[in-house]
Every structure is written in C-alpha cells, then in structure tokens.
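Report on one structure; see the data block that follows.
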Amino acid sequence: MGWGLKWAPQCALLVLAVARPLAAQLPEADEAFRRGDYRAARAGYERVLAGDSLNVRALYRLAILDSWDGKLARALARFARLRRLEPKDEDIQVSQAQVLAWTGDTRSSEALYDSVLARSPRRADALAGRARAVAWSGDLNRAEHLWRAALEQFPDDPELLIGLAQTLYWEGQPTLAEAYAARARAVAPGDRTARELQRLVRAALRPEARTTVDGAGDSDDNAFVAQEGSLITPLGGDLRGALHAGWRHATRLASEGTSYGGGGYIIAPLGKGAVVRAGLGVRRLVPDVGAARTPVTAQLGLGIRPARYAAASLGYSRTAFDETALLIERGFVIDAVDLSFDVSPSPDWSVSGGGGGAWISDGNRRYSAVAAVLARVLPGLQVGPFARILGYRTNPSNGYFAPDRFSVIEARLVYALQRSRWGVRLDGGVGTQQVFEGAPHQTEWHVGAALSRGWGANNEIAVVGSITNSAGATSTAGVRSEEFRYRALGLRFTQGL
C-alpha cells in the first residue's frame, strides 16, 4: 500500500504529460482540415486515433478524407464503425449515404437518406443527396420531381439548383438546365461546380464545329487519307441540327478512287434521357476507272441514358462502302443495324459491348459483336479482356477480303493521364485471332496513343495514332498472314462558336 501511495503522484504526472499533447492534436488537425491542408489533417487525425481509437471526430474526418481520395471501401468501413459508436448522428448518416452513392449502391444510399428525412424532413443536404442518388440510379423523371419539391422548401439553395440543372441536362433539356445553372451562379457566384456546369450547358447550346483528318495504310498496299467536318447548331428549344461533309482518297498499287459528300441530321430529346437522331445525305464515288455513282445515305438512331453511368444506342445507317480504292470502283452500299451499350457499375469497373448486322449491295451479309471489360487497378490504369467476332455469309470476291469468320480475344491495358488541360491516353493489347473458321490461330496485338489539349468548356485538339496486326482493324478484314500490319494517324479538332 505504501509503495502505491509513493508512486501515485508520478503516475498522475505521466498521464497528464501524455494527455496534453493528445488534446492539442485534435484542434491542430481540425485547423489543418479547415485551411485545406488535408495531408497534415490526415496525419493529425491518425495520431489522435493512435492514442484514442474511439475518437469519433477523428474517425469521421478520416472517413471523409478517404472518400475524397477515392478510397471508398476504407471510407465505408470507417462509417460502419462510426455508426456503431454514434448510431443516431445524422451528419454521419448523410456522409455515409453520399459515399454509398459514389460506389454505385444508390438503393442503400436512398434508404439511408430516407431514414434521416423521416426524423428531419427539412434537412437540405439529405433532400439533395436523395435526389442525386435517384438520378444516378437512372430514374431521371423521379429525380427531377424530388429536386423541384426540395426547391419549394429551399428556393435559393445552390446545391439543389445545381442538382436540378444537371438532371435536366442528362434528360436532354439543356435550355431549361441553363436557366437553373444561371440561378445557381447568381446565389453562389464562387461555387466551382455551378460555374463549370453553366459553362458545360452553355457549350451544349451554342454552335460547335468539328473536323477530323485521318490517314492509314496496311501491308496489303491499301492506303487512304480522309477529312470529315461538321457544324452542329441549335434549331430552337432543345432541338439541334447538324451539317456534315467529307472527302476520302484511297489508293492501292496503280489504282485509286475518291469519294466525297455531305448531308444533315437533327437531334431531338424525347425526355427521360432519350434522344433520337435522323438524317439524310449523298456520297459521290469516283474511281479512276469506271463510272461514278452517287448513292443516297441515311441514318436513324435512338440513344438512351437509363442511369448516370449507363448508356445504350440502337441505330440504322445506310453508307457507302468506300474503304479501299477497289471498293470505290465497285460502288457498294451498306445497310446496317447496330446496338451498343456502356455501363459502369462502380467507379472501378466498366463494361461495354454491342453487335449488329449489315447487308451489302452485292448480296453479301456481315455480322459482328464486340465486348470489353475494364477494371481500374491503379490510378489512371485499367486492364481487362476484349473480344470481337466478325464474319461474312458469302465471299463473292468483289474487291474486298471477306472471311466467313474472324474472331479475336485480347488482354487489354489502358492508361489515361489528365493534367490541367492536357491529356494522354495509351492503350495496348495482346491476344489471339483466327481468320476463317478452322484456320490456325495467330498472335494478335495492337498499340495506340493519343495526346489532347483542351480549353474552354468543350474545345479540344487531339492527335491519335495506332499500329496493329489485327484483322479487325478494317471492316474488310484484309489480313492474309501474320505479316499483316495496319497503321493509322489522325487529328481531331472541336471548337465551340
């Protein structure tokens, strides 16, 4: 007993010596968080948790920092622990619901927002979060109603105005979206999201010029240069129209041919994220030998966006089959129907695919299908499988190589880096391909690169290039041996007017 009394003052001093630095660390971390020094804030909160593993404030701020850094799984694990410590804290629940929406679990996010609103029906951030989760789930019509109902309670809340503007923009109503984006800028002139959204919507409403210049050649001595240009402009309301024109010159050994033409199309929103496109045009085919032809071209398509990270399209097209000099001489026309989709079930995954059929004016028929899955393994780096199949029902030898079946399976790698207005994209892959059913498999590979520079809301110039030995590089599938090579170089330019 005497020994314990003897050391009691020293123990008390030791506890105080440790407690004082720990007590000071939390305010220091909070101050770093407030001034935007998130690295220092994270270090401070980690030190607080090392001394007090149940510190709610430090755990909460670390969960938020994890979510901002894209470490969503770790953030949700911290939120789950926080919910056990503070099961009734609405701030924690709202933040957790937000992260759930970021992961793509919009149903759980909406349920959590509903539980908060059941107790606090006038909580603006929960109203905004629920509407956003519903919009991201793809129910844009219901999301629009939720935004409008929330604005009846908080007519000048910038987050609600921005959310409604974004939803209207996704629904294909840029004119109405611009009005709400302008209101958001008026009540929050320094809000970066409102400023960027207004620039994006205004860019969608003004005329836009696009042009591409491409050149390509293969080891079978086919080569071409081509230029395409278009002018897209509003026609009133949310209706947009476009005029386009293009030229192509193809060569092979001593033969050559030129094709050129133009046309126009309109784009009309149907509501709920759906748009329709329809257009007509003509294409002049002028070979160096033989008669020129002028077939009519057409396009009709339907695009839908059922969710923020999901899109699908179905389209019909009638185009000239003018990829090579011999095809220009033949004057072939293709009628095609194609379906495509693109889905990102989470920020780390994307799935895309499509397929279709084509009917060529010489009596040949073509089918094709493609699928790809990409998973993010590091920031900017994605890997995954890619597969494609293409085949012709007949091989009439009318100037193009037509295998009864071509198939390829490839392991693909994509790296994208964006710094300020500069962007770099590199992609490559290696796999196996088979040309003609029953033929031996060949090693298949491709390498591609793109360098882009953007400015303004949607202005951009980009240089793209690629080289491959894949039979799928051209629609004629003109590969005859493992020595086949296809090289392409292009320039893309987009300018808002």
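The values are calculated or read from the model by the stated rules, or taken from the named source; none is laboratory data. Source: prediction; values computed, not measured. Every residue, glycine as well, gets a Cβ built from its backbone with ideal geometry; the counts of neighbours run over all protein chains shown.
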- Note on the structure: Residues of the stretch 41-73 being under 36 Å from the mean Cα position of the chain (by Cα), of a type in the set (A, V, I, L, M) and more than 28 Å from R376 (Cβ to Cβ), in sequence order, are A58
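Residue by residue, here is whether (1) more than 30 Å from G472 (Cα to Cα); (2) modelled with pLDDT of 85 or more; (3) not small (G, A, S) holds:
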| residue | (1), (2), (3) |
| --- | --- |
| A179 | yes, yes, no |
| A184 | yes, yes, no |
| V187 | yes, yes, yes |
| D191 | yes, yes, yes |
| R195 | yes, yes, yes |
| R202 | yes, no, yes |
| R206 | yes, no, yes |
| R210 | no, yes, yes |
| D214 | no, yes, yes |
- Message: Just the residues that are buried (at least 17 other Cβ atoms within 10 Å of the Cβ) and hydrophobic (A, V, I, L, M, F, W, C), please, taken from the stretch 208-228.
- Response: A216, A223, F224, A226
- (1) more than 19 Å from the chain's Cα centre (by Cα); (2) in contact (Cβ under 8 Å) with a residue 24 or more places away in the chain all hold for P347 apart from (1)
- Residues that are in contact with a Gly (Cβ under 6 Å, 6 or more places away or on another chain) and free of Cβ contacts under 8 Å to residues at least 60 places away in the same chain, drawn from the stretch 169-228: A223, V225, E228
- Item | Search result, residues across the stretch 264-274 that are buried (at least 19 other Cβ atoms within 10 Å of the Cβ) and either out of contact with any Gly (no Cβ under 9 Å at 6 or more places or on another chain) or at pLDDT 90 or above (or both) | Y265, I267
- Task: For the stretch 113-125, indicate whether the set of residues that are surrounded by fewer than 24 Cβ atoms within 10 Å (Cβ to Cβ), closer than 22 Å to Q198 by Cβ, in the same structural domain as D89 (by TED's automatic domain parsing) and of a type in the set (G, A, S) is non-empty.
- Result: yes
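Return the residue satisfying two criteria in turn: it lies in the stretch 114-151 and is touching a residue at least 40 places away in the same chain (Cβ under 8 Å) and assigned to a helix (DSSP H, G or I), and of such residues it is farthest from Q98 (Cα to Cα). Quick ask: steps written out before the conclusion?
So in the stretch 114-151, the residues touching a residue at least 40 places away in the same chain (Cβ under 8 Å) come out as 135-138, 140-141.
From what is left, the residues that are assigned to a helix (DSSP H, G or I) are 135-137, 140-141.
Working: A135: 13, W136: 12, S137: 13, L140: 18, N141: 21 Å.
Only one residue tops the list, namely N141.
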- Query: Can G190 be described as surrounded by fewer than 17 Cβ atoms within 10 Å (Cβ to Cβ), not polar (S, T, N, Q) and not assigned by TED's automatic domain parsing to the domain that holds H244?
  - Reply: yes
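Looking at L54, L5, L16, which is the one that is in the same structural domain as A128 (by TED's automatic domain parsing) and either at pLDDT 80 or above or not β-branched (V, I, T) (or both)? Before the answer, list the steps.
On the way: L5 fails: in the same structural domain as A128 (by TED's automatic domain parsing); L16 fails: in the same structural domain as A128 (by TED's automatic domain parsing).
Sole residue among the options that is in the same structural domain as A128 (by TED's automatic domain parsing) and either at pLDDT 80 or above or not β-branched (V, I, T) (or both): L54.
Applying the selection to the stretch 76-113, what residues are outside any helix (DSSP H, G or I) and of a type in the set (G, A, S)? Give the derivation first.
In the first step, residues of the stretch 76-113 are kept if they are outside any helix (DSSP H, G or I); the result is 86-89, 103-105.
Hit for the stretch 76-113 is G104, nothing else.
Residues are listed down the side, and each one gets a yes or a no for (1) over 18 Å from E323 (Cβ atoms); (2) assigned by TED's automatic domain parsing to the domain that holds A320; (3) at pLDDT below 85:
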| residue | (1), (2), (3) |
| --- | --- |
| W359 | no, yes, no |
| A369 | yes, yes, no |
| I389 | yes, yes, no |
| F401 | no, yes, yes |
| R412 | yes, yes, no |
| Q418 | yes, yes, no |
| F436 | yes, yes, yes |
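Being more than 28 Å from S350 (Cα to Cα) and of a type outside the set (V, I, T) is true for just one of G303, G273, G261. Which residue is that?
Working: G303 fails: more than 28 Å from S350 (Cα to Cα); G273 fails: more than 28 Å from S350 (Cα to Cα).
Unique residue meeting the criteria: G261.
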- Task: Enumerate the strands (runs of 3 or more DSSP E) found wholly within the stretch 309-387, keeping only those where 3 or more residues are touching an Asp or Glu at 6+ places or on another chain (Cβ under 6 Å).
- Result: 310-320, 349-360
